[in-house]
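In what follows, a single structure is set out as C-alpha cells and then discussed.
The values are calculated or read from the model by the stated rules, or taken from the named source; none is laboratory data. Nothing here was measured: the structure is a model prediction, and the numbers come from that model. Using ideal geometry, Cβ is built from the backbone for each residue, glycine included, and neighbour counts are taken over all protein chains shown. With ligands, DNA and RNA removed, areas are computed over all heavy atoms of the protein, side chains included. Shrake-Rupley method; radii C 1.70, N 1.55, O 1.52, S 1.80 Å.
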Amino acid sequence: MPEPITPSTGWGALHLFCKVGAAADAEAVASAVKAAQGDEHQVVTFSILGHKADVGFLAIGPDLRRLRRLQGGLQAAGLTVVASYVSLTEVSEYAAGMPAEMLEPRLHPKLPPAGMASICFYPMSKRRAPGQNWYALPYEQREQLMQGHGKTGRGFRGRVLQLVTGSTGLDDYEWGVTLFAVHPDDLKDCVYTMRFDEASAVYAEFGPFFYGIVGELDEVLKDVWST
C-alpha cells in the first residue's frame, strides 16, 4: 500500500456533497463509508435539504489517501459529487496559548456531537479589499477582534458546536466552517448574531451554505432513497 499522506499537525477533512442518480447503489455507498471508517477515521453522514445536493459526507482522519479512497468509492457507487471542500483541522494562531485540553478537540474532534442532528457547512475567507484588508492589520488588533468573535460564539455553547478547518492553499477559501446544532434555528441564530462582530461584518467573505440532517448511515440512506 502507498504511504499515508498525513498532516504534521491535526487531521485531514473532506466534505463531499453528492447527487443520487438512477444508477446509485445504496449498498455500495454503505460499503464505501464503512471501508473508510476506523483507525481514527470518521465519516459523518447527513441528508441535504434543497437543490444543491442529496447527501453529504464529512470524512475526517489522519490519512488523506484514505479520504480520497472514500471519494472514489462513493463515485463508483453511482453518486455524483456536485461540491466538495478540502481542509485540515487546526489551532488558530489566536488560540495557541489555550490549555491543551481545549486545543485537542480542534485538532482531533470526535464527531458527530451527541444530540445535534442539524448540520451546516460554509467556506469563508478574510477580505483583502482597500480599507478592509484583514492581513494589513497588526496582529494585536486581529487578536482582539477574534477574541470578541469567540466570546460571541461561546454564547451558543450547548446549542451549537463549531469545527473550523483551515484550507489556505488547499481550496478556494481560507477556512471551512462546520456547525452542528440541536435545532435548525440554532444555526440561523448563531450565524446571524456572529455576523455583527467586526471580524465578520467588515472582514469576512462567505461561500455557499449547505444544510443537512445528521444520522446513522442507514437512516440517511432511507431519507435519500425514500422515493
**OP:** Using a 1.4 Å probe over the heavy atoms of the protein chains, calculate the carbon and sulfur portion of the accessible area of the chain as a whole percent.
**Re:** 54 percent
Subject >> Accessible area expressed per residue, the chain, with surrounding protein chains retained (probe 1.4 Å, Å²) >> reply: 52 Å²
Original post:
Say each of SER84 and ASP189 gets a label point 7 Å from the Cα, pointing the same way as Cα to Cβ; how far apart are those two points in nm?
Top reply: 3.7 nm
**OP:** With label points built 7 Å along Cα→Cβ from the Cα atoms of PHE209 and MET146, find their separation and express it in nm.
**Re:** 2.4 nm
Original post:
So what's the gap between the Cα centers of segment 9-40 and segment 175-227, to the nearest angstrom?
Top reply: 20 Å
Original post:
What do the square roots of 5 times the Cα gyration tensor eigenvalues come to for segment 64-177, in whole Å, largest first, as semi-axes of the equivalent ellipsoid?
Top reply: 28, 20, 14
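Before rounding to the nearest 500, sum -39500 (n - 2.57) across all DSSP H runs of length at least 4 in the chain and divide by the residue total; then give [θ] at 222 nm in deg cm²/dmol. Kindly include the intermediate steps, with their values, before the conclusion.
Details: 7 runs with 71 residues, N = 227.
When only DSSP H runs of four or more count, the value is -9000 deg cm²/dmol.
Could you calculate the FRET efficiency of ARG69 with LYS222 from 1/(1 + (r/R0)^6), where r is the beta carbon distance between them and R0 is 22 Å, rounded to 0.05?
Working: r = 25 Å, r/R0 = 1.14.
For ARG69 and LYS222, the calculated efficiency is 0.30.
Would you mind working out the magnitude of the charge dipole of the chain relative to its Cα centre, with +1 at each Lys and Arg C-beta and -1 at each Asp and Glu C-beta, to the nearest 20 Debye? Walk me through the numbers on the way to the answer.
Details: 20 positive and 26 negative charges, 60 e Å.
Here the chain has a charge dipole of around 280 debye.
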Original post:
In degrees between 0 and 90, to the nearest 10, how far off the longest principal axis of the chain does helix 184-194 point, with axes built from Cα atoms?
Top reply: 30 degrees
Subject >> Furthest towards positive pole of dipole, HIS108, GLY56, ALA28, structure part segment 21-115, Cβ charges >> reply: ALA28
**OP:** Whenever you get a sec, line up HIS108, HIS183, HIS15 from highest to lowest accessible area (probe 1.4 Å, protein heavy atoms).
**Re:** HIS183, HIS108, HIS15
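What is the extension gain from TYR139 to ILE5, computed as 0.36 nm multiplied by their sequence separation minus the C-alpha to C-alpha distance, in nm to one decimal? Mind dumping the intermediate values first?
Numbers: separation 134, 0.36 × 134 = 48.24 nm, distance 3.20 nm.
Net length gain for the segment: 45.0 nm.
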**OP:** Using +1 at the Cβ of each Lys and Arg and -1 at the Cβ of each Asp and Glu in the chain, identify which of SER84, VAL43, ALA199 lies farthest towards the dipole's positive end.
**Re:** ALA199
Subject >> Per-residue HN-Hα couplings for segment 93-109 [Karplus 6.51, -1.76, 1.60; θ = phi - 60°; Hz; x = Gly/Pro] >> reply: 4, 8, 10, 4, x, 6, x, 4, 5, 8, 7, 4, x, 6, 7, 9, x
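Jot down the per residue volume, in cubic angstrom and as a whole number, of the convex hull over the alpha-carbon atoms of the chain. Provide the component values of the computation, followed by the final result.
On the way: hull volume 30.1 nm³, N = 227.
Spread over its residues, the Cα hull of the chain gives 133 Å³ apiece.
As an exercise, identify the chymotrypsin sites (Phe, Trp or Tyr not before Pro) in segment 186-227 lying in DSSP coil whose Cβ has no more than 12 other Cβ atoms within 10 Å.
Working: sites: TYR192, PHE196, TYR203, PHE206, PHE209, PHE210, TYR211, TRP225; in loops: PHE196, TYR203, PHE209, TRP225.
Sparse-neighbourhood loop chymotrypsin sites (Phe, Trp or Tyr not before Pro): PHE196.
Contour minus end-to-end for GLU27 and VAL182, with contour as 0.36 nm per residue of separation and end-to-end as the Cα-Cα distance? Walk me through the numbers before you get to the answer.
On the way: separation 155, 0.36 × 155 = 55.80 nm, distance 2.93 nm.
Working it through step by step, the gained length comes to 52.9 nm.
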Subject >> segment 137-207 - charge dipole about Cα centre, Lys and Arg +1 at Cβ, Asp and Glu -1, debye rounded to 20 >> reply: 360 debye
**OP:** Give a quick list of GluC sites (Glu not before Pro) in segment 21-129 that DSSP marks as loop, anything other than H, G, I, E or B, with at most 15 other Cβ atoms within 10 Å.
**Re:** GLU40
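Give me the dipole magnitude in Debye, nearest 20, for segment 109-169 about the Cα centre, with unit charges on the beta carbon: positive for Lys and Arg, negative for Asp and Glu. Present the calculation step by step, with values, prior to reporting the outcome.
On the way: 9 positive and 2 negative charges, 27 e Å.
The dipole of segment 109-169 has a size of about 120 debye.
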Original post:
Which of PRO123, PRO208, PRO184 moves most in a GNM of the chain, Cα contacts under 10 Å?
Top reply: PRO208
